[in-house]
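Note sheet for the following structure.
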Amino acid sequence: MSKFLFVVPPFFGHINPSLSIGRTLLEKGHEVAWAGLTEIKAETIPSGGSFFILKESYQKNKEVIQDIIKLQDKGANLPALEALKLGLQDTYIPFAKIMFEELAKLVDTYQPDVIINDCITFAGALVAHVKNIPLATITPVTPNTLHDPGTAPKVTKWVHDSIIGLQNSVGISGDEELISSKEVNMFYTSQKLAGYKDGEYPSYMKFIGALTGRPDNTPFDWDRFNKFNNPKIYISLGTVLVDIRKEFFSRMIEALKDKNITVVVATDPSILEKWPDNFIVQSYVPQLELLKHIDVVIGHGGLNTVCDTYMNGIPMLIIPIAFDQSHTATLIDQYGCGIRLKYKRMKTKDIEQAVDDLLYNEKYKKAAKEIQQSFIEAGGNKKAAELIESLTNNK
């Protein structure tokens with residue numbers, strides 16, 4: 001059996017996919033560990049797994065790390081290029097520099113057979129390169145988030161130069177970008193939803209569909225949820241965007257409060273003084289189980305919720321706010337498995353009309369079922385585990 005080390009950022013939306021894959025590897029008898037800058041709940045780690053906190057790095061850079069995490073809320077009000085700068089220059093590169101040295105020491109001690117880095121956790125890939133350890137990457141954002149073919153050449157050059165500058169700063173020379181695997185880069189979506197045809201993408205890009213089996217014992221009021229035999233709507237903004245929640249959910253209330261539907265909202269209930277009677281609001285919900293009973297999902301385009309949604313064949317109202325979310329919304333809109341609204345321009349009537357269309361126009365349900373089938377065929381956890389295991393055969 002082999003030893004695998006996942007290197008993750010302090011954003012739970014990026015940690016989540018690794019937990020599903022790690023659980024499958026553990027069930028196959030392998031040793032699996034995670035490494036990151038901040039603690040996560042012990043019950044979140046699959047049984048038998050370990051979590052290594054880079055304590056020295058965190059203590060030395062505690063204020064900087066917390067400032068970077070808070071900075072993510074600004075992405076909601078930034079144009080695309082400024083959001084890219086916030087991500088690459090103000091978040092991913094600083095995290096890599098903070099993590100690199102201590103992570104390298106951990107790798108010397110743990111001696112993994114394969115390192116799996118989250119796509120924005122560059123330190124994992126760079127340490128794998130320096131230590132000559134096979135690397136896999138898991139990418140829970142849409143393809144081309146950093147290198148969009150439609151981006152201006154000057155921006156493309158700036159992205160490249162920024163990455164090479166990071167690599168030079170940790171002692172890696174040359175002009176090749178090494179922040180992700182050139183053997184196995186696993187995209188948490190399907191080829192069909194990503195919009196690629198056969199032969200249009202490099203062989204290291206692997207579409208694995210949605211991942212399942214994450215540990216989740218979150219309590220939920222199922223009796224209240226099932227009280228009325230009416231359509232069920234689920235709304236989630238993920239785990240990062242905080243400052244916009246009051247405004248966002250106030251708009252949702254105006255649009256949905258008087259409808260014969262049950263609305264489940266994943267957010268802190270205290271952001272608003274009063275919620276309508278047809279709203280069930282919890283900070284956390286058992287998302288994977290809940291989605292088995294949902295008719296329409298409303299979200300910002302975080303790929304975890306998007307893929308969980310389509311793994312259940314549910315049409316989606318997608319309202320991108322920042323970062324890679326616009327890429328995801330474009331793919332959904334193009335395939336026809338959902339409806340896209342612009343956050344800053346959406347009105348109550350737009351939300352009402354979109355929800356009605358998604359509930360009662362069969363074309364959206366049909367398209368969502370097609371994406372569901374493409375996710376099933378992509379292989380999910382099993383395929384991801386097999387791809388990671390294949391790297392041990394190349395050592």
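Some notes on this structure:
- Looking only at the range 299-323, and only at residues there that are aliphatic (A, V, I, L, M) and assigned to a helix (DSSP H, G or I), the one that is surrounded by the fewest Cβ atoms within 10 Å (Cβ to Cβ): Met311
- Residue count for the range 121-135, restricted to those that are touching a Leu at 6+ places or on another chain (Cβ under 9 Å) and surrounded by fewer than 24 Cβ atoms within 10 Å (Cβ to Cβ): 3
- Qualifying residue in the range 89-105 (condition: surrounded by fewer than 17 Cβ atoms within 10 Å (Cβ to Cβ), more than 27 Å from Ile164 (Cβ to Cβ) and not basic (Lys, Arg)): no
- Qualifying residue in the range 287-297 (condition: over 30 Å from Asp118 (Cα atoms) and in a loop (DSSP other than H, G, I, E, B)): yes
- Taking first residues from the range 165-180 that are within 13 Å of Tyr92 (Cα to Cα) and assigned by TED's automatic domain parsing to the domain that holds Pro94 and partners that are among the β-branched types (Val, Ile, Thr) and surrounded by 14 or more Cβ atoms within 10 Å (Cβ to Cβ), the Cβ contacts under 6 Å between residues at least 6 apart in sequence or on separate chains come to Leu166/Ile93; Ile179/Ile163; Ser180/Thr137.
- Number of the exception - Ala266 against (1) in contact with a Leu (Cβ under 8 Å, 6 or more places away or on another chain); (2) of a type outside the set (D, E, K, R); (3) farther than 27 Å from Phe11 by Cα: (3)
- Taking the conditions (1) assigned to a helix (DSSP H, G or I); (2) in contact (Cβ under 8 Å) with a residue 40 or more places away in the chain in turn, Asp333 satisfies each one other than (2).
- Unique match (being surrounded by 21 or more Cβ atoms within 10 Å (Cβ to Cβ) and farther than 20 Å from Leu331 by Cβ) among Val285, Val296, Val281: Val285
- Considering residues of the range 46-57 that are in contact with a strand residue (DSSP E or B) (Cβ under 8 Å, 6 or more places away or on another chain) and not in a loop (DSSP other than H, G, I, E, B) only, the residue farthest from Pro94 (Cα to Cα): Ser50
- Filter result for Tyr364 (under 20 Å from the mean Cα position of the chain (by Cα) and either in contact (Cβ under 8 Å) with a residue 24 or more places away in the chain or not in a helix (DSSP H, G or I) (or both)): no
- Filter result for the condition that a residue is modelled with pLDDT under 90, surrounded by fewer than 21 Cβ atoms within 10 Å (Cβ to Cβ), closer than 20 Å to Val297 by Cα and over 19 Å from the mean Cα position of the chain (by Cα), over Lys246, Lys227, Lys257, Lys197: Lys246
- Top-ranked residue in the range 339-395 [being in contact with a helix residue (DSSP H, G or I) (Cβ under 6 Å, 6 or more places away or on another chain) and over 24 Å from Phe187 (Cβ atoms); ranked as surrounded by the most Cβ atoms within 10 Å (Cβ to Cβ)]: Leu358
The values are calculated or read from the model by the stated rules, or taken from the named source; none is laboratory data. Just so we're clear, the structure is a prediction, and the values are computed from it rather than from any experiment. No Cβ is skipped: glycine too gets one built from the backbone with ideal geometry, and neighbour counts run over all protein chains shown.
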